[in-house]
Amino acid sequence: MLLLIVLLPLLLGTPLTWWLARIDRLYSCIAACAISLGCFGSLLVLALTHGLEQPLLQQWQWLPEIGLNLSFRLDGLALIFGMLISGIGTLIFIYAWYYLSRKNSLGKLYSLLMLFMSAMLGIVLSNNLLILLIFWELTSISSFLLVGYWQNYEVAQKGAQMALTITGFGGLAILGGFVLLGYIGGTYELDVLLGMRQQLQASPYFVPALLLILLGAFTKSAQFPFHSWLPNAMAAPTPVSGYLHSATMVKAGIFLLARLFPIFAGSLWFHGIVTTVGLLTFCFAAFLAIFQHDLKGLLAYSTISHLGLIVCLLGLGSPLAIAAAIFHVLNHASFKAALFMIAGIIDHEAGTRDLRKLGGLWALMPFTGTLSMIAAAAMAGVPLTNGFLSKEMFLTETVALAGSTWLLLVPMLATLASLFAVAYSVRFVHNTFFGGALNQKIANQQAHEPALGMRAPIILLCCICVLVGVLPAFFAESIIHLGANAILGYVPAHPAHLKLWHGFNLPLIMSLVALIGGTLLYLLLVRQHNILKINTNQWFGRFTGENLLDWTLENSVKAARRFTNYLENGSLQRYLMLIVVSTMVMTLAPLWGQNLSTGSRLLNYATWPAIILWVLLIISCLMLLYFHHERIKAVLLVGAVGLVASLCFIALSAPDLALTQLSVDVVTTVLLLMGLSLLPQLSPYESSRTRHWRDVVLAILGGSGIAWLAWLIMTRDHQSISWFFMQESLPKGGGSNVVNVILVDFRGFDTFGEICVLAIAAVGALVMMDGMRAHGAIATPGLTLRFHPSPLMLRMTASWVLPIALVYSLYILLRGHNLPGGGFIAGLITAIALVIQYIAVGQEQAEKLIHARDGRLYECWIGGGLSLAGLTGLGALLWGRPFLTSAYFYLDVPILGKLPMASAMLFDIGVFFTVVGSTLLLISVLGDSRHSTMAGPVLPEKPQ
């Protein structure tokens with residue numbers, strides 16, 4: 001059920017709202033509202049039926065080996081945030097239908113909002129840290145698309161990029177923190193980790209994990225100094241700002257801190273950092289909000305400020321502070337979503353949201369002005385509103401801290417920030433509806449009240465602000481206790497009781513000081529300093545968040561470009577040198593100081609055949625080193641090295657590997673010769689003497705290091721896992737050829753990946769060569785570009801080789817599950833036989849005989865082989881078995897008797913066709929090249 005709630009907006013809402021908007025905008029709106037209300041109702045029903053005294057857990061295994069499972073959790077905290085996401089989302093969908101004109105794509109907006117809703121529900125309902133991280137990143141991507149909704153506006157694109165950059169950076173930090181947390185606890189399941197606080201905090205990796213997670217939470221919730229992305233994201237449509245940047249996405253960081261609070265509670269690092277950052281953000285952003293001239297800019301900075309208040313409460317960590325944090329999350333979502341929608345109405349009706357051009361709208365829009373007063377009063381913390389109650393709880397907690405001179409700063413800063421909050425709330429109302437510029441007839445005089453449907457969501461939210469403020473115990477107390485208990489993990493001895501009057505105490509005095517002081521501050525700024533002319537950007541100069549981010553990104557790109565230019569200078573020798581040096585350093589670093597020496601394993605004497613093979617191998621390598629400038633000789637010597645390796649496999653009783661090595665050597669030798677035919681026969685001597693000796697030293701060091709590691713391993717006893725495959729090959733894989741059973745069953749997924757890579761390489765070569773022809777690199781008019789027929793003796797021999805080779809390939813393919821062979825070897829043998837036909841009768845005639853013009857047949861073989869292999873693997877899933885698990889049985893055939901049959905045979909056939917198609921496509925493509933030395937003499941084409 002929880003998985004359905006998460007995926008319903010994504011799988012159904014996203015495509016459905018997009019499609020219905022093409023029919024009628026109203027249908028799309030109805031669908032979006034129905035889906036969000038469905039999620040809201042489902043969460044409510046689950047909460048009522050389950051009770052939530054204990055979390056409701058639902059889990060489906062996905063990749064249990066790495067701890068990644070589809071695991072979901074519904075408790076009081078998840079319920080509050082889930083209902084907030086779906087409930088506010090419904091109101092936003094209604095508002096957006098009126099807000100967006102028919103010139104804008106409502107379907108696009110709804111589908112992206114549905115994607116975002118699914119991501120947010122995934123965050124709050126996830127019980128697995130890795131699943132939570134996936135949805136976390138999905139919110140960043142969907143936010144990027146929503147902020148950049150208006151693609152033609154540069155400011156929207158810049159705001160979207162800024163939001164993605166900062167929140168994406170935070171996502172990387174959270175990835176590191178989650179990995180460390182999972183490493184310490186041995187699991188990524190939250191229901192287990194939340195009960196391991198002492199074990200987790202005792203680990204030396206706890207503080208790094210904590211810092212990384214805090215970094216990610218602060219970036220998502222726009223805490224100082226990562227706050228600058230939120231004001232720039234106001235370029236998004238107002239419904240997006242009202243949903244993402246006031247009620248949901250910016251609360252994701254808050255949710256994460258609350259969810260992991262049982263793990264972090266008691267840590268001085270957590271309480272110190274979170275409280276300090278939250279209080280600083282609360283005060284700093286509230287001050288800047290006063291001087292913002294854009295209505296949405298003012299609301300953006302006020303949002304940052306209130307988020308700082310909630311973060312500070314979570315940092316304080318007492319039961320009352322946790323309850324206050326939950327309470328203010330709900331309160332802030334109600335009044336801030338209403339204020340953003342009011343800002344959209346003002347922009348929609350007056351044609352601007354610039355406070356320097358607004359004023360006197362009360363005469364034209366009194367109803368909207370009244371709603372603004374209610375919502376702004378809740379934001380300022382005026383009595384009889386919900387914002388007053390949660391702010392009083394916050395001030396009470398700050399007063400409780402004042403046990404030393406230093407801690408006296410906390411209630412003082414809290415009072416000062418509250419004073420600033422009153423000032424910008426008063427400005428929002430007064431500057432828009434009473435004072436300002438409209439009296440001088442600068443703004444639009446035609447403004448009027450919007451449609452009732454556009455005001456309906458705001459009316460509901462404002463009613464909530466007042467009802468909760470007047471009757472808090474009835475409307476909010478139970479759900480707040482439910483959320484606080486879920487965070488704390490227990491029921492507090494003295495739970496928070498919400499009531500309108502707590503007596504005449506210090507927090508009330510602080511509230512009165514804030515209310516009176518904030519009003520006076522605004523009036524003073526208006527009369528003495530003309531607030532409309534103050535520009536905060538002048539105060540910070542180049543040190544605004546936007547400028548600092550631009551400077552950081554610009555210099556990071558420049559540094560990356562310089563570093564890239566230094567590394568990528570076009571020298572393959574340099575690339576190889578850097579790879580070898582890096583590999584040596586990374587290998588040596590963990591082994592340094594380990595005092596490794598020869599092991600105690602009893603060693604065997606080398607036999608004379610082995611010594612002869614080693615000598616041949618050494619001679620081949622020395623000859624390769626000497627002749628490496630002569631490309632053709634070098635390729636032939638590489639083939640000789642491969643032949644020696646094949647003989648070693650035979651000596652070590654590995655016939656499958658020997659067959660594979662031999663067939664691969666033949667094919668790769670042909671491919672290398674054809675590829676090198678496009679290059680000069682001799683490579684130039686470009687290396688200086690210094691570079692030459694550098695390479696010699698690196699080669700000696702690298703080779704000696706590999707030899708030393710091999711010696712250390714082979715002189716030590718070790719436990720092999722070969723017994724498992726020897727024991728289980730026949731009963732579980734249905735075959736006695738252990739190597740083939742491993743390839744097609746135990747590690748069939750690896751084999752499937754390898755043939756995919758081979759197919760990609762062949763298709764990539766085709767595309768590359770077609771591109772070279774298109775640019776004239778290998779195309780010369782009047783030249784034949786294919787293999788030419790060879791002498792008669794070779795053609796007659798090839799005519800006998802092909803049928804014999806095909807029969808032998810079929811034999812190797814069919815016996816591969818029990819004897820040396822298999823699809824890969826059979827495919828290479830078939831490819832070799834067809835290559836011989838290319839050489840004997842000419843490429844054009846050979847491809848004509850097998851109907852393989854233009855490589856289309858080979859592409860069909862590749863596609864068919866991959867499809868057959870993939871469908872074989874998927875077939876196992878239908879019987880509830882892992883991907884590519886073999887099924888086998890025995891078939892009684894007259895005369896032949898009982899024959900073993902295995903589904904792995906189909907997979908092997910898919911491998912066979914993929915190998916044949918890929919190999920022949922590569923050879924066909926290279927055979928079309930202009931300078932191919934295997935093509936015989938280059939002759940002009942016959943006239944048509």
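Each reported figure results from applying straightforward, stated rules to the coordinates on display, with no laboratory input. This one's a predicted model, so the numbers in the text were calculated from it and none came from an experiment. When we count neighbours, we look across all protein chains shown, and the Cβ atoms used for this are built from the backbone with ideal geometry, even at glycine.
Observations on the model:
- Near LEU77: Cβ cut-off under 15 Å, other residues only, Lys/Arg at +1 and Asp/Glu at -1. The net charge is 0.
- Mean-position separation - Cα centroids, the range 246-297 and the range 95-131, in angstrom: 23
- With each label modelled as a point 7 angstrom along the Cα→C-beta vector, the LEU407-ALA363 pair spans 5.5 nm.
- Positive-pole candidate from VAL192, PHE218, LEU532, dipole of the range 127-547, charges at beta carbon: LEU532
- Exceeding the 21 Å Cα-Cα cut-off - candidates LYS103/LYS336; LYS296/LYS357; LYS220/LYS391; LYS103/LYS296; LYS108/LYS220: LYS103/LYS336; LYS220/LYS391; LYS103/LYS296; LYS108/LYS220
- Relative to the longest principal axis of the Cα atoms of the chain, the long axis of helix 154-185 makes an angle of roughly 70 degrees.
- Two-site label geometry, ILE760 and SER799: point separation in nm, points 7 Å out along Cα→Cβ: 4.4
- Fully extended contour minus Cα-Cα distance, from GLN573 to ILE509, at 0.36 nm per residue: 15.5 nm
- Arranged from fewest to most other beta-carbon atoms within 10 Å of their beta carbon, HIS328, HIS448, HIS481 become HIS448, HIS481, HIS328.
- Structure-derived Cα Rg over 2.2 N^0.38 Å - corresponding label in (1) 1.08; (2) 1.22; (3) 1.31: (2)
- Computed about its Cα centre, the charge dipole of the chain is approximately 1580 debye, with only Lys, Arg, Asp and Glu carrying charge at their Cβ.
- For the range 140-160 and the range 450-517, distance of Cα centres in Å: 34
- Using alpha-carbon coordinates, inclination of helix 748-774 to the longest axis of the chain, degrees: 90
- With the simple spin-label model, which puts each label point 7 Å out from Cα in the Cβ direction, the LEU4 to LEU384 separation comes to 4.6 nm.
- Alpha-carbon centroids, the range 356-386 and the range 48-89: separation in whole Å: 38
- Residue order for ILE346, ILE80, ILE909, fewest other beta carbons within 10 angstrom first, comes to ILE909, ILE80, ILE346.
- In degrees, nearest ten, helix 25-50 long axis to first principal axis of the chain (Cα): 80
- Overall form of the range 79-134 per C-alpha gyration tensor (a/c, 1.5; a/b vs b/c): oblate
- Cβ-derived FRET efficiency at R0 51 Å, TRP60 paired with LYS633, nearest 0.05: 0.30
- Taking PHE649, PHE291 and counting other C-beta atoms within 10 Å, the order from fewest to most: PHE649, PHE291
- Each helix, a run of at least 4 DSSP H residues, gives -39500 (n - 2.57); summed and divided by the residues of the chain, these come to -23000 deg cm²/dmol at 222 nm.
- Computed extension gain for ARG815 through TYR27, at 0.36 nm per residue and net of the alpha carbon distance, reaches 277.5 nm.
- Using 0.36 nm per residue and subtracting the Cα-Cα separation, the extra length available between SER478 and ALA887 on full extension is 141.6 nm.
- Modelled FRET efficiency - R0 45 Å, ILE516 with THR552, Cβ distances, 0.05 increments: 0.60
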